[in-house]
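Working notes, beginning with the structure itself.
The values are calculated or read from the model by the stated rules, or taken from the named source; none is laboratory data. Everything quoted here is computed from the prediction, not taken from an experiment. Every residue, glycine as well, gets a Cβ built from its backbone with ideal geometry; the counts of neighbours run over all protein chains shown.
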Amino acid sequence: MKRNPWTILWAAPLACGCVLAVDPPEPARLEALKPRIQAGLEELEAVQSSPKADPVVRELGAAALAYMMVQQDPIKSQRAVEEVFALQEMDPAKQNYGNVPWQKGRPEIDDPNAIEFTALPLAALCLKYGDRFPPEVREKMQARLGAALVAVKNHPVPVWYTNIYLMNLANKILLGECVGDAEAVAKGRGDLERWLEFTGRNGITEYNSAVYAGVQLDVLHTLYNLVKDSGIRQLTGKALDYIWTDAAANYFPAAEAMSGASSRSYSFLGHDLNVNQYYYLYGFQKTLPGRVGGLWGEMFAWANGVWGGYTPSTEVKQLAEEPVKVVRQRVGEEEGKDRYNYITPSFALGTSSFFYEHQDRQVSLMLNSPKNLPVVSVVLDPFNAPYGKVRILETHGGHYKIMHLRNEISAVQEKGAVLALMNLASEAAKKIGSSVATNVILPLQADELSVDGKPVKWGREALPVSQDSVIGIREGRSAVAIRLFQADPAMEGHPVLYLRNDGARYGAGRLVAYHSRGKDGITPVKMLRSGVIILARECASEEEFAKFFQEARSWTITGAMEGDVWKVTAAGPSPNVPDSQLALTAALDIPGKHTAQRLVNGQPYDVSRVFTVNGRDLADQVLAPQEASAD
């Protein structure tokens, strides 16, 4: 038998004879999600019957699987498959042989990942339900899936691009098993071994994204459930152990959400719901999550629940439920690619120290509230509209997405205290919008918002504040203090700082520092700095709240340029340990575009281990080679 990788971490539960695996999805939970699959099919049918008739091709692949599983209708499934095949490039002389477009009738969308997303449900259909098709259909599927496999093998995907890398290797394996290509199966296995080795050293590089953690689970559960090769299934189980441990470690039970800094989020105010399908299926989350938006994501979560197979362990569920967690993770090879997440019963505060993509969330604070408050986060915005409602055409791919400005960041965190230094110069001069601003999103419906200890009274939409102003948030037992202490001017008469409630329709306001305003933008600059301090603590009484906000206003900030390096130290009463002092130091190399130094009370920031929770080394336990023992 294999040694369970959690035995060292939770020896007590194992000693008492507890079952290692959580129960498979309850039938009631599967039944609660099933109507969404039917609704997704109806929505797709409405698109297909409209005059435009431009379905997303991956949705057709998902529909083929859904028709078979939900409606038990091979004819409809076959028609959906035929629609995909009609869009597939089958000229071997063409560079894109075997590929499919992202969306029918939309050639301007050139997303190379279309084949990965479309092939996965077709591979599942082939392996699980292929015998329900007539022989001539099965023969055609073999040929077309063989061409899809060629396209998958010709699509180079870097190992750090986690969801697509895993999808690419899963397609090599599953399509390879469909069409009898042993070489493709072996290549997929090698890619999986490479990912496990890379992740063991560097962590999950497409980190903590509620969208793409859900996709990662979609892919790995599907591979685990359908692969015929037992050795690959064992490796996939190890990958699932790690992804589930990560998802559990960063779970914030009070908000039923994946918390902390994120590589990509398509909701600047809230959190995406892909991973919540799995939290719900396996009992981590009690309430039915909202819809994902798209048949593909909802289909795979439900289908894998129906198929059974892998279930996360009881110990992983216990990790999700731990009331207080300090999560430290590396999320890449380079300096600064790390994240810190502090989860309490009242709030979850997290940071990361590098730019991943224009949809990342580098500073994140979630509050325990029944009001569905927006996430407190820092958004570097060129539109004077930082609430994630403006979409622009991305440079590559052809999709319209929300975005914030590219930046460099050096963030240092010690539990409920964060110091973040940012440089916006990389994209500030691009004439994307009408301004350049650093925004901190605020929850307007919190129990109280204050400025320097006085409750905010909205006599108008914008209230002037300064770089010395401390914004306070009270919600339940959460006390939060925020100061935007640095904002370089990018044009004469700036920076200008305001507290604004212009996102009231979304329940959101903001603390904003305008580096520039005006349609002409700014000239290129080498440095455009902003700096933020966030302090957070649980408070049980009015006296504790009053003391916290008084102490927050006493923090001092000292900073200067040391050559090309911007170095800042923030110091004051610790929000973590009563009657003690805390000093955070961060430094940002401006021309080098990376963090230069981070200190906590003068000691170097510890980024030596890949993945720890409350000091426990989970990376070594989950991904280390397992010893075999005799039965």
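Right, Glu321: within 23 Å of Met422 (Cα to Cα), over 19 Å from the mean Cα position of the chain (by Cα) and outside the structural domain of Pro107 (by TED's automatic domain parsing) or not? No. Looking across segment 89-112, the residues that are assigned to a loop (DSSP other than H, G, I, E, B), within 31 Å of the chain's Cα centre (by Cα) and polar (S, T, N, Q) come down to Asn96, Asn99. Note on segment 484-507: residues that are more than 24 Å from Phe549 (Cβ to Cβ) and of a type in the set (Phe, Trp, Tyr) total 1.
Residue by residue, here is whether (1) out of contact with any Gly (no Cβ under 6 Å at 6 or more places or on another chain); (2) in a strand (DSSP E or B); (3) not assigned by TED's automatic domain parsing to the domain that holds Glu334 holds:
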| residue | (1), (2), (3) |
| --- | --- |
| Ile557 | yes, yes, no |
| Asn576 | no, no, no |
| Leu582 | yes, yes, no |
| Ala586 | yes, yes, no |
| Gly592 | yes, no, no |
| Leu599 | yes, yes, no |
| Asp606 | yes, no, no |
| Thr612 | yes, yes, no |
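For the structure I just gave you, tell me whether Gly416 is crowded, with 22+ Cβ neighbours inside 10 Å, under 28 Å from the mean Cα position of the chain (by Cα) and at positive phi. Here the answer is no, as Gly416 does not meet what is asked. For segment 58-87, a residue qualifies if it is within 17 Å of Gly297 (Cα to Cα) and either of a type in the set (D, E, K, R) or not assigned by TED's automatic domain parsing to the domain that holds Arg106 (or both), and the qualifying residues are Arg58, Glu59. Any idea how many residues of segment 446-483 are assigned to a loop (DSSP other than H, G, I, E, B) and under 22 Å from Ala546 (Cβ atoms)? Residues in segment 446-483 being assigned to a loop (DSSP other than H, G, I, E, B) and under 22 Å from Ala546 (Cβ atoms): 12 in total.
Answer yes or no as to whether Val292 is under 19 Å from the mean Cα position of the chain (by Cα), part of a strand (DSSP E or B), surrounded by 21 or more Cβ atoms within 10 Å (Cβ to Cβ) and among the hydrophobic types (A, V, I, L, M, F, W, C).
Judged against the criteria, Val292 is not a match.
Tell me which residues, restricted to segment 48-63, are over 29 Å from the mean Cα position of the chain (by Cα) and surrounded by 14 or more Cβ atoms within 10 Å (Cβ to Cβ).
Gln48
When Asp229 is tested against (1) surrounded by fewer than 24 Cβ atoms within 10 Å (Cβ to Cβ); (2) in contact with a Ser or Thr (Cβ under 9 Å, 6 or more places away or on another chain), just one condition goes unmet, and that condition is (2).
Yes or no: segment 527-544 includes at least one residue that is crowded, with 19+ Cβ neighbours inside 10 Å, part of a helix (DSSP H, G or I) and modelled with pLDDT of 95 or more. Taking every residue of segment 527-544 in turn, none turns out to be crowded, with 19+ Cβ neighbours inside 10 Å, part of a helix (DSSP H, G or I) and modelled with pLDDT of 95 or more. Of Leu442, Leu449, Leu421, Leu405, all but one fail to be within 25 Å of the chain's Cα centre (by Cα), closer than 21 Å to Leu373 by Cβ and assigned by TED's automatic domain parsing to the domain that holds Ser580; the exception is Leu442.
Can you pull out the residues in segment 396-417 that are in contact with an Asp or Glu (Cβ under 9 Å, 6 or more places away or on another chain), part of a strand (DSSP E or B) and not charged (D, E, K, R)?
Within segment 396-417, Tyr400, Ser410 qualify.
Any residue that is under 15 Å from the mean Cα position of the chain (by Cα), assigned to a helix (DSSP H, G or I) and of a type in the set (Ser, Thr, Tyr) - is there at least one of those in segment 194-210? Within segment 194-210 (the criterion being under 15 Å from the mean Cα position of the chain (by Cα), assigned to a helix (DSSP H, G or I) and of a type in the set (Ser, Thr, Tyr)), the answer is no, since none of the residues qualifies. Listed by first and then second residue, the pairs linking a residue in segment 172-197 that is in the same structural domain as Val227 (by TED's automatic domain parsing) and within 13 Å of Val227 (Cβ to Cβ) to a residue that is crowded, with 20+ Cβ neighbours inside 10 Å and polar (S, T, N, Q), with Cβ atoms under 8 Å apart and 6 or more places separating them unless they lie on different chains, are Leu174/Thr222; Gly188/Asn171; Leu192/Thr236. No other residue among Ala257, Ala239 is within 23 Å of Asn368 (Cα to Cα) and either touching a residue at least 40 places away in the same chain (Cβ under 8 Å) or touching a strand residue (DSSP E or B) at 6+ places or on another chain (Cβ under 9 Å) (or both) apart from Ala257.
From the set of residues in segment 64-79 that are part of a helix (DSSP H, G or I) and either farther than 23 Å from Ile173 by Cβ or basic (Lys, Arg) (or both), which is nearest to the chain's Cα centre (by Cα)?
Our first condition is that a residue be part of a helix (DSSP H, G or I); within segment 64-79, this holds for 64-69, 74-79.
Right, trim to either farther than 23 Å from Ile173 by Cβ or basic (Lys, Arg) (or both) and you get 67, 74-76, 78-79.
Numbers: Tyr67: 30, Pro74: 36, Ile75: 37, Lys76: 34, Gln78: 35, Arg79: 35 Å.
Within segment 64-79, the match that is nearest to the chain's Cα centre (by Cα) is Tyr67.
Figure legend. Inter-residue proximity from segment 457-470: first residues farther than 21 Å from His494 by Cα and in contact (Cβ under 8 Å) with a residue 24 or more places away in the chain, second residues among the polar types (S, T, N, Q) and surrounded by 17 or more Cβ atoms within 10 Å (Cβ to Cβ), beta-carbon distance below 8 Å, spacing 6+ or different chains. Indicated pairs: Trp458/Asn501. Does segment 381-400 contain at least one residue that is more than 20 Å from Ser265 (Cα to Cα) and over 24 Å from the mean Cα position of the chain (by Cα)? No, the conditions are met nowhere in segment 381-400.
Can you tell me which residues in segment 227-242 are of a type in the set (D, E, K, R) and part of a helix (DSSP H, G or I)?
Within segment 227-242, Arg233, Lys238, Asp241 meet the criteria.
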